[in-house]
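The values are calculated or read from the model by the stated rules, or taken from the named source; none is laboratory data. Here the structure is a predicted model, which means the values were calculated and not measured. Glycine gets a Cβ as well: all are built from the backbone with ideal geometry, and neighbour counts include every protein chain shown.
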Amino acid sequence: GLGFNIVGGTDQQYLANDSSIYVSRIKKDGAAYLDGRLREGDKILAINGKDLKDLRHKDAVELFRNAGCYVSLKIQRRLQTQNGPVGHRGDGESGGLPLAAILVPGLALAATAVWILLRYRQRM
């Protein structure tokens, strides 16, 4: 499988007045988890160019099951946390590092390297 579960559809609306398809769970060590781009709560707009608008849940599931080895998803990232599975991981794993946790130490390291280089040049 693709390594994630979906919710939604015209017959099983996940959000009131919204029949879109959403990622409800990313399975640990599954394809989506290993790829790292898909997140719980993402709205899936299309799979392999096929629009998911106004589909029943089971029809959407069939599209995912028959997607093949190479899958292209068009998604819309959810900006706000809402009630439900978004941001909640029952298996205790974290949601990943915020971008600042990577950029700040990287910038500090780069600044230190530049400072050392300038000090080294002054001594020559």
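May I ask you to verify whether Tyr70 is exposed (fewer than 13 other Cβ atoms within 10 Å of the Cβ) and among the hydroxyl-bearing types (Ser, Thr, Tyr)? So that I can check it myself, show each step before the final result.
Working: exposed (fewer than 13 other Cβ atoms within 10 Å of the Cβ): yes; among the hydroxyl-bearing types (Ser, Thr, Tyr): yes.
Criteria met by Tyr70.
If you go through segment 73-84 one residue at a time, how many are modelled with pLDDT of 90 or more and surrounded by fewer than 16 Cβ atoms within 10 Å (Cβ to Cβ)?
Kept after step one, since they are modelled with pLDDT of 90 or more, are these residues of segment 73-84: 73-77.
Those still in the list that are surrounded by fewer than 16 Cβ atoms within 10 Å (Cβ to Cβ) too: 74, 76-77.
Counting residues in segment 73-84 that are modelled with pLDDT of 90 or more and surrounded by fewer than 16 Cβ atoms within 10 Å (Cβ to Cβ) gives 3.
Just wondering, is there one or more residues in segment 85-100 that are modelled with pLDDT of 75 or more, surrounded by 10 or more Cβ atoms within 10 Å (Cβ to Cβ), in a loop (DSSP other than H, G, I, E, B) and among the acidic types (Asp, Glu)? Break it down into steps so the answer makes sense when it comes.
Narrowing segment 85-100 to residues modelled with pLDDT of 75 or more: none.
Scanning segment 85-100 turns up no residue that is modelled with pLDDT of 75 or more, surrounded by 10 or more Cβ atoms within 10 Å (Cβ to Cβ), in a loop (DSSP other than H, G, I, E, B) and among the acidic types (Asp, Glu).
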